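K.L.:
Let me give you the structure first, and then I'll get to my questions.
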Amino acid sequence: MLKAVSTHILLDQRLHPGMLDMIARTGAEAVEVFAARNHFDYTSHEHIKELAGWFATNPVKLFSLHAPLYFGTDLGRSGGPQVNLLHPEKSLRIDSMDEIKRAIEVAEALPFQKLIVHLGERTDTWNPRALEYSMTALEHLQAFARPLGVGLLVENLVNEPAQPQNLLETLNVGHFKSVGVCLDTGHAHLGEGLPAAISILRDHIESVHIHDNNGNRDEHLWPGDGTIDWATTLAELKNCPRNPTAVLEIHHSLESTPEAIAAKLTETFMHLGL
């Protein structure tokens with residue numbers, strides 16, 4: 001499995017080349033950049049150019065971009081609407097689509113392989129309308145992303161539309177043969193469990209968000225700090241036919257120094273046998 005780190009661990013800070021240098025020192029082979037405007041401003045030509053220059057001169061590649069979850073720069077703290085492709089109001093679904101397209105356009109100057117997409121928010125339910133909205137969103141985003149060399153990966157969430165069985169139905173009914181799955185270990189652990197999630201989605205898994213929790217909330221802990229059985233989980237994932245990329249997606253903490261983060265990332269890769 002390709003070893004990667006999500007910049008989610010640095011989410012409260014502006015992403016800059018020094019942070020990418022820190023990630024490169026851990027032995028990571030790839031990066032997933034989290035598209036939040038306070039962290040990576042995907043609407044800023046200067047910020048895009050700054051990161052593109054780093055990736056052009058370093059062996060670590062930009063594997064994926066996590067689609068934005070919020071409008072604006074405050075990570076939703078002001079209480080405004082979230083980016084939600086399944087919102088009941090058509091105008092907000094359109095706004096959400098446009099926001100994600102702005103992030104995809106980054107690939108013109110900063111190439112990346114995969115876009116990680118969320119379908120819905122925590123309280124969204126599964127029904128024929130959710131299926132219709134999910135297929136419409138994936139169809140439009142795929143048509144926009146494909147000419148830029150970007151593929152889509154849908155992520156399993158704790159809401160109903162993005163539960164593994166419902167994601168599989170969306171992919172099958174919509175005939176989305178080129179859309180893959182980003183399996184989020186923490187989300188699966190909170191739901192039907194990792195063995196079931198992997199069994200349902202194994203033929204579609206191209207990326208794995210690796211983090212832990214204790215089975216009651218989405219904590220994004222370091223592997224081993226929660227209750228996930230990592231030996232069994234990784235053995236199953238390594239047998240998935242699409243050879244998924246392993247992306248450490250750990251909760252951000254302002255108390256952690258770059259040196260401490262780098263050391264912990266290196267230790268975690270070794271502990272997981274990646």
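The values are calculated or read from the model by the stated rules, or taken from the named source; none is laboratory data. All values derive from a computational prediction rather than experimental measurement. Virtual Cβ from ideal backbone geometry, glycine too; neighbours counted across all protein chains shown.
K.L.:
Restricting attention to the range 40-61, report how many residues are under 24 Å from residue 244 (Cβ atoms) and either in a loop (DSSP other than H, G, I, E, B) or in contact with an Asp or Glu (Cβ under 8 Å, 6 or more places away or on another chain) (or both).
P.N.:
Of the residues in the range 40-61, 5 are under 24 Å from residue 244 (Cβ atoms) and either in a loop (DSSP other than H, G, I, E, B) or in contact with an Asp or Glu (Cβ under 8 Å, 6 or more places away or on another chain) (or both).
K.L.:
Can you pull out the residues in the range 56-94 that are within 17 Å of residue 115 (Cα to Cα) and either among the charged types (D, E, K, R) or over 18 Å from the mean Cα position of the chain (by Cα) (or both)?
P.N.:
61
K.L.:
Quick one: which of 139, 99, 132, 105 is without any contact (Cβ under 8 Å) to a residue 24 or more places away in the chain and either assigned to a helix (DSSP H, G or I) or of a type in the set (Val, Ile, Thr) (or both)?
P.N.:
Within the list 139, 99, 132, 105, the selection yields 132.
K.L.:
Another question about this same structure. Of all residues in the range 244-267, count the ones that are surrounded by fewer than 19 Cβ atoms within 10 Å (Cβ to Cβ) and either under 13 Å from residue 185 (Cβ atoms) or in contact with a strand residue (DSSP E or B) (Cβ under 8 Å, 6 or more places away or on another chain) (or both).
P.N.:
Total satisfying the criteria: 1.
K.L.:
Run down 227, 232 and say which single residue is closer than 17 Å to residue 185 by Cα, loosely packed, with under 13 Cβ neighbours inside 10 Å and in contact with a Leu (Cβ under 9 Å, 6 or more places away or on another chain).
P.N.:
That would be 232, the only listed residue that is closer than 17 Å to residue 185 by Cα, loosely packed, with under 13 Cβ neighbours inside 10 Å and in contact with a Leu (Cβ under 9 Å, 6 or more places away or on another chain).
K.L.:
Which count do you get for residues in the range 203-252 that are part of a loop (DSSP other than H, G, I, E, B), farther than 29 Å from residue 150 by Cβ and touching a residue at least 24 places away in the same chain (Cβ under 8 Å)?
P.N.:
The number of residues fulfilling the criteria is 11.
K.L.:
Pairs needed: first member in the range 22-45, hydroxyl-bearing (Ser, Thr, Tyr) and modelled with pLDDT of 95 or more; second member anywhere, in a loop (DSSP other than H, G, I, E, B) and buried (at least 24 other Cβ atoms within 10 Å of the Cβ); C-beta distance under 7 Å; at least 6 residues apart or different chains.
P.N.:
Short answer, once both residue conditions are applied: 42/35.
K.L.:
What number goes with the only condition from (1) closer than 19 Å to residue 150 by Cβ; (2) buried (at least 16 other Cβ atoms within 10 Å of the Cβ) that residue 56 does not pass?
P.N.:
Among (1) closer than 19 Å to residue 150 by Cβ; (2) buried (at least 16 other Cβ atoms within 10 Å of the Cβ), residue 56 violates only (2).
K.L.:
In the range 46-65, is there at least one residue being farther than 24 Å from residue 156 by Cβ and touching a residue at least 60 places away in the same chain (Cβ under 8 Å)?
P.N.:
yes
K.L.:
For the range 122-168: of the residues being modelled with pLDDT of 95 or more and of a type in the set (D, E, K, R), which is farthest from the chain's Cα centre (by Cα)?
P.N.:
129
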